[in-house]
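As structure tokens, the structure follows; a few thoughts come after it.
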Amino acid sequence: MATSVQNIIEKYNKDKTRLMDILIDVQSERGYIPKATITQIANALDISHVDVEQTMSFYHFFSDKPTGKFAVYLNDSAVANMMGRQKVKETFENETGIKFGEVTPDGLIGLFDTACIGMNDQEPAALINGQVFTNLTPFRVKEIVRDIKAGRPLDDMFTAAYGDGENRNELIKSVVVNNIRKKGPILSEDYTPGIVIWKKLPQMSPEQVIEEIKKSNIRGRGGAGFPTGLKWEFCRKAKGEKKYIFCNADEGEPGTFKDRVILTERPKLLFEGMVIAGYAVGAQEGIVYVRHEYKYLQKYLENLLQGARDRNLLGKDIGGIKGFDFDIRIQFGAGAYVCGEESALIESAEGKRGEPRDRPPFPVEKGYLDMPTVVNNVETLCAAVKVLLNGGEWYRNFGTKDSTGTKLLSVSGDCKYPGVYEVEWGFTVNDILEMVGADEKQVQAVQVGGPSGSIISSAEFKRTVCFADLATGGSLIIIGQQRDILTDIVLNFTEFFIEESCGSCSTCRNITYLMKNKLEKILDARGVKKDIDDLVAWGKILKVSRCGLGQTAGNPILTSIKNFRHLYEEKIQKDKDFDSAFDMASAVKESCIAAGRIPTLN
Amino acid sequence: MSTLVKFKIDGVECMAETGTYIVEAARENGIYIPTLCNIRGVKPRGSCRICTVLVNGRPMTSCTTPITDGMEIENNIPEINDIRKAIVEVLFVEGNHFCPSCEKSGNCELQALGYRFKMMVPRFPYNFPVREIDASNPKIIKDHNRCILCKRCIRTIKTDEGKTVFAFKKRGLHLEINVDPEMGDKFTDDMAVNAAEICPVGAILLREKGYQIPIGKRKYDHVAIGSDVEKIKI
Amino acid sequence: MSKPIVATTSLAGCFGCHMSVLDIDERILDLIELVEFHKSPIDDIKKFTKMCDIGLIEGGCCNSENIHVLKDFRKNCKILVSVGECAIMGGLPALRNGIPIQECLDEAYLNGPSVGRNKKHIMPNDDELPMILDRVYPCHEIVKIDYYLPGCPPSAELIWNALVALVTGDELKLPYEVVKFD
């Protein structure tokens, strides 16, 4: 084992900034990362034991204990639960004889909960040793467990046909489906890879590229909406020996899966977008940071990168432009939502914990390895190709004045046609509901922008999806009348934020769980009016957290109080203004058992 | 070359060298902004969030934000002070802070901020977490019950070769400080003394020492934290 | 106008806070002029027979009896004040929070160094005894508390200032030196 670990370390040139890759390889080879290996890695990289441990212990998919020969990670997101996860989970437990969080005594199967794996349109879904199993039913779970026990290899366990499009590719072979419901400029098949690199870039200066992007008015698609042209310009002007282009493909916002579809169907478009960005800012290296959940795409993506190198779309003198060298590598994450925040993503790519940095300085000045770095969303980079191909003016024909172009929506939940929709900005929520086959009368709420966004009621369905009104990274979860918003959605999302906090800020680390406890008090019918007031007041404290995760961690509770206050008011006690929720019976239970007496409760 | 810039804190005209962190610039102008994770002279981290001010209306940590010309800073305003007080309170309920029996009592910065903000009781329910006391290191005791995860020890204490001694472990609610188990002799007496000194609370203690200063003579027995800054006037 | 009535009690406390009340020295004579004591260890009145204006609570709640007494105080006092660290956050008794109760009882009655004479390994379980709670609770996590006086014990100054403020309705004076947590 020591040798195989040594080989892994050598593979990454004993480079401590590649610690993530080293740990990922060890984890996937061994199923866990034992203490002795941590010491071995630390010694080889000439860093402290605790340095390795701090990175390792940060990420969900690294474990210091064996996770089983078959590690099952069952999605625990709200939509998975809406689609029948509970029965699937119980079947896994019954069939294996263990609870979630445990490994079978023979070390064969481990069961674990995991945050949204980007399959909301085909839930319940699980990752088993990195492979995706979708549309799980109790019946299917029995088959899978039986197959595992029978010693069948993972690839032989699929009973359904492989998914559509490139999901069938020899290098993917996955049952995942794309569910592309509406195409626009990005998802359009009308695209010749390399066309901008060959036909446009050689005629344009980097400044002209930036000018064209600015003309398009395109804004970042991750959710924050920073003008892309401006970001590129800042980075171009920043001083640095080297510059980097990062593609943020860490889509961890529960309910978002459009990047998975782009990575599957339009990866060449994305890579070309990165090359364009590299040309514009003067970078030589691009890194696609892909969430661990999409590791099943690794071979496919790496093969495409090789193909691009073979065709001079990557490498030296790209597109025949003398001196324009650019290459791309893929960096996988290891399970941390916060790494979707650009500076946390950079930290992670440097082999560290995914803790967001303090800003200023911004990544465009001091990013990856302290060099000027652009971090763009997958969709933004793809759109940049089309902007250069057809011109900024053309791009502005799509969408609204302040939100130009199209947006890929990931739609899931209670509707007929979940999937990916490329729409022009400016659609109302009502338009979208109609489009996805959701009966407005059956819809109780829509979660716009995932847990960090807001949950809105029918009173707001007239609102428009655009930066000026309802900004979104693209996740729309439709919540039917049959759902219990507070337990099914709000509690689940709040627990998600607690699980995913990096813990660095005192506010995000603490306030979120304090709010969750208070929410549970209300759900247990022990709440009073002051509890609702406290939730609103405490939510404000979160706003001083460092990053977007912390600042929005209260949103599930805060936006549901704003838009569904009656649900809270129905649950609180009207005749009391104080209830500590203290329960004598449960408080004395343990000591009475210990002393061997029957509690006297009156 | 240094350039002086003008800025305002709560309407008061101030001056400092451009690029100075707000908290230091304020200090130079005799204005105290409470801090907890910050240590002068060490790269700031902005993790406790207590030094949050409003810069042109937006919340920013003053320990990490450099001053620029014309900045309008709001510091001593009810909205911000209440958040600061809430942060002190949340740190009290997060761990197990038994002031009456703590070696650091009277010299503790968290406690001192509690005094400054007149915290009579935290607004949040006590968590009473189950945490370890790590006495495996021959020179220090790490009492996780009192740790507020400010990262001061992580950022300050390094070996002679610049290697990490303290580091975070896990994340979120499970976050804790991890002391390198393989330091051995490289963990010097100086490092131990520095670590105990740099810790704002009683989470890092020197072995076989404690309660050395009698009540009445401790740092915050008679004067509020920050009062030294407020006396400086240019 | 009749004098305001004050009741006091010590729950899971050490009576140190009550001692601190006595530390107001000769002002105790003023205090007697100012208020009337009702149920309190100070005058040994055991039962509430009338509504009180102010209840001073020392100590947190570690057993069922503490809970009963605290609720009784809440019922019979218009204003309840948590006095001292134990009432506010459990104090030293709360050091046991986090240790399983079985372990605590075993240590106290079976395994501890001072239980040599408990030869029959008896774990007290008479119904007359209060039941031990799973942890020590701050008072405000049981009933509504109106004011808090921190300290271990709170200084005589703080207690005096608070009582005067409550009785006169004047603003409570809190100079730096009177608010301490130890």
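Just for segment B:66-113: of the residues that are surrounded by fewer than 24 Cβ atoms within 10 Å (Cβ to Cβ) and assigned to a strand (DSSP E or B), which one is farthest from the other protein chains (Cβ to nearest Cβ)? Filtering segment B:66-113 for residues that are surrounded by fewer than 24 Cβ atoms within 10 Å (Cβ to Cβ) and assigned to a strand (DSSP E or B), the one farthest from the other protein chains (Cβ to nearest Cβ) comes out as B:Glu72.
Each row is one residue, and each column tells you yes or no for (1) small (Gly, Ala, Ser); (2) over 19 Å from A:Ile148 (Cβ atoms); (3) within 22 Å of the chain's Cα centre (by Cα).
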residue	(1), (2), (3)
A:Ile33	no, yes, no
A:Ala36	yes, yes, no
A:Ser48	yes, yes, no
A:Glu53	no, yes, no
A:Asp76	no, yes, yes
A:Met82	no, yes, yes
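Suppose we keep only residues that are assigned to a loop (DSSP other than H, G, I, E, B) and among the hydrophobic types (A, V, I, L, M, F, W, C) within segment C:153-182. Which one would you say is farthest from the other protein chains (Cβ to nearest Cβ)? So the residue we want is C:Leu172. Taking A:Cys502 as the residue in question, decide whether it is farther than 30 Å from A:Ser458 by Cβ, assigned to a loop (DSSP other than H, G, I, E, B) and touching a residue at least 12 places away in the same chain (Cβ under 8 Å). Considered against the rule, which asks whether it is farther than 30 Å from A:Ser458 by Cβ, assigned to a loop (DSSP other than H, G, I, E, B) and touching a residue at least 12 places away in the same chain (Cβ under 8 Å), A:Cys502 comes out as yes. Taking first residues from segment A:331-351 that are over 18 Å from A:Asp76 (Cβ atoms) and outside the structural domain of A:Tyr294 (by TED's automatic domain parsing) and partners that are in a helix (DSSP H, G or I) and among the hydrophobic types (A, V, I, L, M, F, W, C), no Cβ contact under 6 Å between residues at least 6 apart in sequence or on separate chains turns up.
When segment A:514-573 is examined, which residues are found to be of a type in the set (Ser, Thr, Tyr) and farther than 19 Å from B:Arg84 by Cβ?
A:Thr552, A:Thr559, A:Ser560, A:Tyr568
Residues in segment C:1-42 that are among the charged types (D, E, K, R) and either assigned to a helix (DSSP H, G or I) or exposed (fewer than 13 other Cβ atoms within 10 Å of the Cβ) (or both): C:Asp25, C:Glu26, C:Arg27, C:Asp30, C:Glu33. When the residues of segment C:104-152 are filtered to those that are at the interface with chain B (Cβ under 10 Å from one of its Cβ atoms) and among the charged types (D, E, K, R), the one that is surrounded by the most Cβ atoms within 10 Å (Cβ to Cβ) is C:Arg135. Only one entry in C:Val164, C:Val115 is hydrophobic (A, V, I, L, M, F, W, C), closer than 30 Å to A:Ile598 by Cβ and out of contact with any Lys or Arg (no Cβ under 6 Å at 6 or more places or on another chain), namely C:Val115.
Out of the residues in segment C:64-121 meeting the condition of being among the β-branched types (Val, Ile, Thr) and part of a helix (DSSP H, G or I), tell me which one is nearest to C:Thr168 (Cα to Cα). Step by step, filter segment C:64-121, then rank; the result is C:Ile88. Only one entry of B:Ile33, B:Ile73, B:Ile39 meets the criterion of being closer than 17 Å to A:Asp358 by Cα and touching a residue at least 40 places away in the same chain (Cβ under 8 Å), and that entry is B:Ile39. Checking A:Val385, A:Val364, A:Val374 one by one, the residue that is surrounded by 21 or more Cβ atoms within 10 Å (Cβ to Cβ), among the aliphatic types (A, V, I, L, M), at pLDDT 95 or above and assigned to a loop (DSSP other than H, G, I, E, B) is A:Val364 and no other. Take the conditions (1) more than 14 Å from chain C (Cβ to nearest Cβ); (2) surrounded by fewer than 20 Cβ atoms within 10 Å (Cβ to Cβ); (3) without any contact (Cβ under 8 Å) to a residue 24 or more places away in the chain; B:Thr61 misses just one of them, which is (2). Out of C:Ile101, C:Ile67, C:Ile88, one residue alone is farther than 14 Å from B:Phe128 by Cα, buried (at least 22 other Cβ atoms within 10 Å of the Cβ), of a type outside the set (S, T, N, Q) and within 9 Å of another protein chain (Cβ to nearest Cβ). It is C:Ile67.
Given C:Phe37, C:Phe73, which one is aromatic (Phe, Trp, Tyr) and more than 13 Å from the chain's Cα centre (by Cα)? Within the list C:Phe37, C:Phe73, the selection yields C:Phe37.
Cβ-Cβ distances below 9 Å connect the following pairs, each with a first residue in segment C:126-140 that is assigned to a strand (DSSP E or B), a second residue that is aromatic (Phe, Trp, Tyr) and surrounded by 14 or more Cβ atoms within 10 Å (Cβ to Cβ), and a separation of six or more residues or different chains: C:Arg135/B:Phe128; C:Val136/B:Phe128; C:Tyr137/A:Phe582; C:Tyr137/B:Tyr126. Among the residues of segment A:517-574, those identified as closer than 26 Å to A:Gly354 by Cα and of a type in the set (Gly, Ala, Ser) are A:Gly539, A:Ser545, A:Gly548, A:Gly550, A:Ala553, A:Gly554. Of the strands (runs of 3 or more DSSP E) entirely within segment B:123-196, those holding at least 3 residues that are under 21 Å from the mean Cα position of the chain (by Cα) and more than 14 Å from chain A (Cβ to nearest Cβ) occupy B:140-143.
Can you say whether A:Gly323 is more than 14 Å from chain B (Cβ to nearest Cβ), not in a helix (DSSP H, G or I) and not β-branched (Val, Ile, Thr), as far as the supplied structure shows? Yes: the conditions hold for A:Gly323. As for segment C:141-160, it holds no residue that is small (Gly, Ala, Ser) and without any contact (Cβ under 8 Å) to a residue 40 or more places away in the chain. Of note, A:Ile210 satisfies the criterion of being surrounded by 17 or more Cβ atoms within 10 Å (Cβ to Cβ), at pLDDT 95 or above and part of a helix (DSSP H, G or I).
Residue-by-condition table, conditions (1) assigned to a loop (DSSP other than H, G, I, E, B); (2) surrounded by fewer than 24 Cβ atoms within 10 Å (Cβ to Cβ); (3) of a type in the set (Val, Ile, Thr):
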site	(1), (2), (3)
A:Arg329	no, yes, no
A:Gly335	yes, yes, no
A:Val338	no, no, yes
A:Glu347	no, yes, no
A:Pro360	yes, yes, no
A:Leu408	no, no, no
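So for segment A:182-192 (the condition being not in a loop (DSSP other than H, G, I, E, B) and not aromatic (Phe, Trp, Tyr)), does at least one residue qualify? Checking segment A:182-192: at least one residue is not in a loop (DSSP other than H, G, I, E, B) and not aromatic (Phe, Trp, Tyr).
The values are calculated or read from the model by the stated rules, or taken from the named source; none is laboratory data. Every value quoted in this text rests on a predicted model; they were computed, and no experiment measured them. Virtual Cβ from ideal backbone geometry, glycine too; neighbours counted across all protein chains shown.
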